[in-house]
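The values are calculated or read from the model by the stated rules, or taken from the named source; none is laboratory data. The shown structure was predicted, so the numbers you read here are calculated from the model rather than taken from an experiment. Note that we place each Cβ from the backbone using ideal geometry, even for glycine, and neighbour counts take in every protein chain shown. To get the accessible areas, we keep the full protein, side chains included, count just its heavy atoms, and leave off ligands, DNA and RNA. Shrake-Rupley method; radii C 1.70, N 1.55, O 1.52, S 1.80 Å.
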Amino acid sequence: MSELEFLSLTTPLPDPVPEPEEPKPHKKKKKKKKKGSAVFRIFLLIWSAALIIAMYYGLKYFYDFLVDYEAVYQASLPVHEIDRLMEYFSNNDMRTVYELMDEKPSCSEFETTDSVVSYMKYMVVGKQLDYKETENSNQDSPEYIITADSYIIAKAAFAKTDTMLKYSFPTWKLKSLEFYTTALEGFTVKAPSNYQVSVNGKPLSESYLTATDITISDKDLYFDPYAVIPKGSEYHGEGLYFKPDVSVCDESGNPIDVEYDEASDTYTASFSKTAPDEEAMKEFAIQAVTDYAKYISHDLPEGSINHYFAPNNIYLYYIEHNGGRQFYSKHGHVDFKNVEVRDFISYTDDMYYCEVYLEQWMQMNRGSAEPEIVPTDGRFYFVKIDGKWKISGIEYGE
């Protein structure tokens, strides 16, 4: 037997270990609630509520401040002033724009303030209006140009006023306003020197004279040597906003037709088509032309028309040697029909021109029952000599 086996037989076994008893549950002791703890919770709740309310009103105040600050800032911007100014342009209220200008556009003596305002209206009506800041604009002195269909027509500058808004924001006022009006129209008028020329109803003074030896009519040879057609004067002026209304009156105050040549931009008035004794002058011309026609057709005797002519008149010589008169066909009864004055020009009270047309209905001695119609277009020039009208010249057609 081994030593180990011997020991296991001789050594007594240890006592068995008893199983541990299950511990009995302990009864929890009820703690008494402390009165101070409840009060603290109530205080904490009230304090939290007060803090939340304070934060709400604080944030609301700050938000309202920001909103008000932004609103006041936006209201202080000068762009609102240019917008208000642009309303006058958009409404074509150029009268107000004109009054806002420190330096008013000048106008000539032939136009008025209304002309300038009308011109300003013309520049904006129907146009696309806009504005933008200029290169010289800055936060202390804002400046804008105003355009119509992209063309610059005005410039407006603004300055701070003495009135401040909240938060020390400035207010603005119009400092200066320029409207670029350019009076481009003018006039050049040619008229007889003895006539009165007016522009827009205002008679022209000698200060507008640019020439006093202008030829208005080239018919001098028909008055030579008894009279000379008055020369014409030339007038010139500039600085009008609109094309002028040019009017001319003769010596008697009668209006004269004025022709406008667009190529040369010139108004030209010829001599008067009327005269104080116009009807008597026309009647005299009709009688002179009628007797002239009779004389040519041998229905008046030799020398019967001499009294119509000025002394030593070369045209009387031409008539006497007129080939048609010398070989005029024999005829019977003559009627004068379709007598009319086709033109009349009064050069002065002592000089005039008259074109008379008439027809001689002649019964010819050739057996024909139908009369032969012989027209005469007499273009005669007359001068007054010793108070009586005399023929100075005859203009023959080609």
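Of note:
- Only listed residue being within 16 Å of residue 186 (Cβ to Cβ) and either touching a residue at least 60 places away in the same chain (Cβ under 8 Å) or not charged (D, E, K, R) (or both), chosen from 271, 242, 223: 242
- Any strands (runs of 3 or more DSSP E) falling wholly within the range 90-206 and containing at least 3 residues that are open to solvent by less than 60 Å² (accessible area, probe 1.4 Å) and in contact (Cβ under 8 Å) with a residue 24 or more places away in the chain: 143-148, 151-164, 170-179, 185-192, 196-199
- Restricting the range 366-398 to residues that are outside any strand (DSSP E or B) and in contact with a strand residue (DSSP E or B) (Cβ under 6 Å, 6 or more places away or on another chain) leaves a set whose member that is least open to solvent (accessible area, probe 1.4 Å) is 395.
- Residue in the range 233-249 that is assigned to a strand (DSSP E or B), under 24 Å from residue 376 (Cβ atoms), of a type in the set (Gly, Ala, Ser) and open to solvent by less than 70 Å² (accessible area, probe 1.4 Å) present: no
- Note on the range 210-219: among residues that are surrounded by 13 or more Cβ atoms within 10 Å (Cβ to Cβ) and farther than 15 Å from residue 267 by Cβ, the one that is modelled with the highest pLDDT is 219.
- Members of the range 259-282 found to be assigned to a helix (DSSP H, G or I) and surrounded by 13 or more Cβ atoms within 10 Å (Cβ to Cβ), listed by number: 278, 281, 282
- The set of residues in the range 238-293 being in contact with a Leu (Cβ under 7 Å, 6 or more places away or on another chain) and β-branched (Val, Ile, Thr) consists of 289, 290.
- Qualifying residues in the range 284-341 (those that are of a type in the set (S, T, N, Q) and exposed (fewer than 12 other Cβ atoms within 10 Å of the Cβ)) - the one modelled with the lowest pLDDT: 326
- A Cβ distance below 9 Å, combined with a sequence gap of six or more or placement on separate chains, defines the contacts here; from the range 65-87, residues that are within 23 Å of residue 125 (Cα to Cα) and open to solvent by less than 50 Å² (accessible area, probe 1.4 Å) reach residues that are in a helix (DSSP H, G or I) and modelled with pLDDT of 85 or more in the pairs 85/97; 85/100.
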